[in-house]
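The structure appears right after this line, and notes come after that.
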Amino acid sequence: FEVLQERADYQALVASVRAPINLKSLARDQHKILHLQSDLSESFTIEKAYFLYAEADGNYVIIHYLNQGRPSTKLLRMNLKHLAGQLDADAFLRIHNSYLLHLDFPDLELEGNAKTAHVHFKRYGIQLPVSRAMYRKLKGI
């Protein structure tokens, strides 16, 4: 047992067990999974990194996300405002009356001017319109 205590890997293990838990890191990891609840009893769980954007369609929201590297959709009965209330305001922004964008998604480009602005997912060939007010806000980010 004394020989085991002298080994560096044993000492590192003991130090890691005794180290305090980083609650900020733990809270950040919990936000990597999105649990979306519709107006009905339906729910949808997705990793935050795979969420592309959401599109309003009457009383429904179409969630656009990546499934095995390919764009997919999920239809949920709720409005865009209800969905936005379930998401982190720092990572998601309503860029248009009908679109909610995941700002942290890589490969995202703002193109055009205030009148013709759109967000472009280059890799997937998807373009979303941006309102004039949100264009100014996105330019500042």
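The values are calculated or read from the model by the stated rules, or taken from the named source; none is laboratory data. Small disclaimer: the values here were computed from a predicted structure and weren't measured. For the accessible areas, the whole protein counts, side chains as well, though only heavy atoms, and no ligand, DNA or RNA atoms are used. Shrake-Rupley method; radii C 1.70, N 1.55, O 1.52, S 1.80 Å.
Hey, among the residues in the stretch 89-130 that are open to solvent by 70 Å² or more (accessible area, probe 1.4 Å) and among the acidic types (D, E), which one's nearest to K32 (Cα to Cα)? Per the criteria, the residue is D104. Please indicate, with yes or no, whether at least one residue in the stretch 47-57 is at pLDDT 90 or above, open to solvent by less than 90 Å² (accessible area, probe 1.4 Å), within 26 Å of P129 (Cα to Cα) and of a type in the set (F, W, Y). The answer is yes, given that some residue of the stretch 47-57 is at pLDDT 90 or above, open to solvent by less than 90 Å² (accessible area, probe 1.4 Å), within 26 Å of P129 (Cα to Cα) and of a type in the set (F, W, Y).
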